[in-house]
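See structure below.
The values are calculated or read from the model by the stated rules, or taken from the named source; none is laboratory data. Keep in mind it's a predicted model, so treat the numbers as computed, not measured. Positions of Cβ are generated from backbone atoms using ideal geometry, with glycine treated the same way; all protein chains shown enter the neighbour counts.
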């Protein structure tokens, strides 16, 4: 989830807007946002599989024809290939290319890839210098690999996230190998955020939001439907698990910190999503106005 950073310094008006408390009138939208993208443990990205998908996407982007035209025969295919692409097609192709680029970049940053040594990289570049790498940048790459190396204590930054969603990426070592999602933390944060609004019967509203989002309860549960008591139990379990991690600190202090941090993190992410969506809407409106002139 987005975290406070220099571009949103405390004195900035945007920071104040992003950090303001949750209002009662915002509860439904807030809960929809919180449970729309629970962070889960992602699968490992394999080099050959991802490379195959990216190549297929780019092949389709350059030469793909709608399936309903392919079944009509070569004449329909030829007609499509010779016709100027519609705006809808170009927009679709742009988004697919973005996915292709994102997938390839994600593979390089956190996929299951064995990194070679600097010497191996140098040998590869030299071996391919007269073919694939015959370009003006070659000598600089060779010079760089000859003069630079990693110090012995340099830890690899290329690690997969242990939890991932549309709004969150938790990097580094997984503090709990058995943790498969951040649902308990989200329930805790939502519980405290709604409690602070002064809303009545906030736990039934959280349970309703969980049911609306289609989120499954744990295996072995007597019912698939969330109830207010389930929300309370999950919140207590999460808080207690955090208290156990700090045996030397007064439990009441940890409880307050855990609840406050969980709530503030969710509210900030909710506000950030609103801000980004508003910016995108304004940009899109500007593009539409420009096109109409």
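Which residue, of 275, 238, is touching a helix residue (DSSP H, G or I) at 6+ places or on another chain (Cβ under 7 Å), touching a residue at least 24 places away in the same chain (Cβ under 8 Å) and surrounded by fewer than 21 Cβ atoms within 10 Å (Cβ to Cβ)? Answer to the check: 275.
For the residues 156, 170, the requirement of being modelled with pLDDT under 95 and surrounded by 13 or more Cβ atoms within 10 Å (Cβ to Cβ) singles out 170. When 65, 50 are screened for being outside any helix (DSSP H, G or I) and either touching a residue at least 12 places away in the same chain (Cβ under 8 Å) or within 30 Å of residue 155 (Cα to Cα) (or both), only 65 passes. Can you find a residue in the range 41-58 that is modelled with pLDDT of 95 or more, closer than 30 Å to residue 149 by Cβ and within 18 Å of the chain's Cα centre (by Cα)? Yes, there is a match, as at least one residue in the range 41-58 is modelled with pLDDT of 95 or more, closer than 30 Å to residue 149 by Cβ and within 18 Å of the chain's Cα centre (by Cα). Based on what the data block shows, is residue 64 at pLDDT 95 or above and over 25 Å from residue 164 (Cα atoms)? Spelling it out, residue 64 is indeed at pLDDT 95 or above and over 25 Å from residue 164 (Cα atoms).
If only residues of the range 75-90 that are surrounded by fewer than 10 Cβ atoms within 10 Å (Cβ to Cβ) and part of a helix (DSSP H, G or I) are counted, the one that is modelled with the highest pLDDT is 75. Against the list (1) loosely packed, with under 13 Cβ neighbours inside 10 Å; (2) touching a residue at least 40 places away in the same chain (Cβ under 8 Å), the condition residue 252 fails is (2). Candidates are the residues of the range 185-202 that are in contact (Cβ under 8 Å) with a residue 60 or more places away in the chain and part of a loop (DSSP other than H, G, I, E, B); the one that is surrounded by the most Cβ atoms within 10 Å (Cβ to Cβ) is 199.
Within the range 1-40, which residues are surrounded by 14 or more Cβ atoms within 10 Å (Cβ to Cβ), at pLDDT 75 or above and not in a helix (DSSP H, G or I)? Within the range 1-40, 22, 37, 38, 39, 40 meet the criteria.
So in the range 41-51, with the set limited to residues that are surrounded by 13 or more Cβ atoms within 10 Å (Cβ to Cβ) and out of contact with any strand residue (DSSP E or B) (no Cβ under 7 Å at 6 or more places or on another chain), which one is farthest from residue 210 (Cα to Cα)?
Restricting attention to the range 41-51, the residues satisfying the condition of being surrounded by 13 or more Cβ atoms within 10 Å (Cβ to Cβ) are 41-42, 45-47, 49-51.
Now drop any that are not out of contact with any strand residue (DSSP E or B) (no Cβ under 7 Å at 6 or more places or on another chain), which leaves 49-51.
Values: 49: 34, 50: 33, 51: 36 Å.
Once the filter is applied, the top-ranked residue is 51.
When the residues of the range 203-235 are narrowed to those that are loosely packed, with under 12 Cβ neighbours inside 10 Å and closer than 18 Å to residue 181 by Cβ, which ends up modelled with the highest pLDDT? Here the answer is 214. Collect the residues in the range 95-150 that are in a helix (DSSP H, G or I), out of contact with any helix residue (DSSP H, G or I) (no Cβ under 8 Å at 6 or more places or on another chain) and more than 23 Å from residue 51 (Cβ to Cβ), keeping them in residue-number order. Residues satisfying the conditions are 119, 139, 140, 143, 144, 147.
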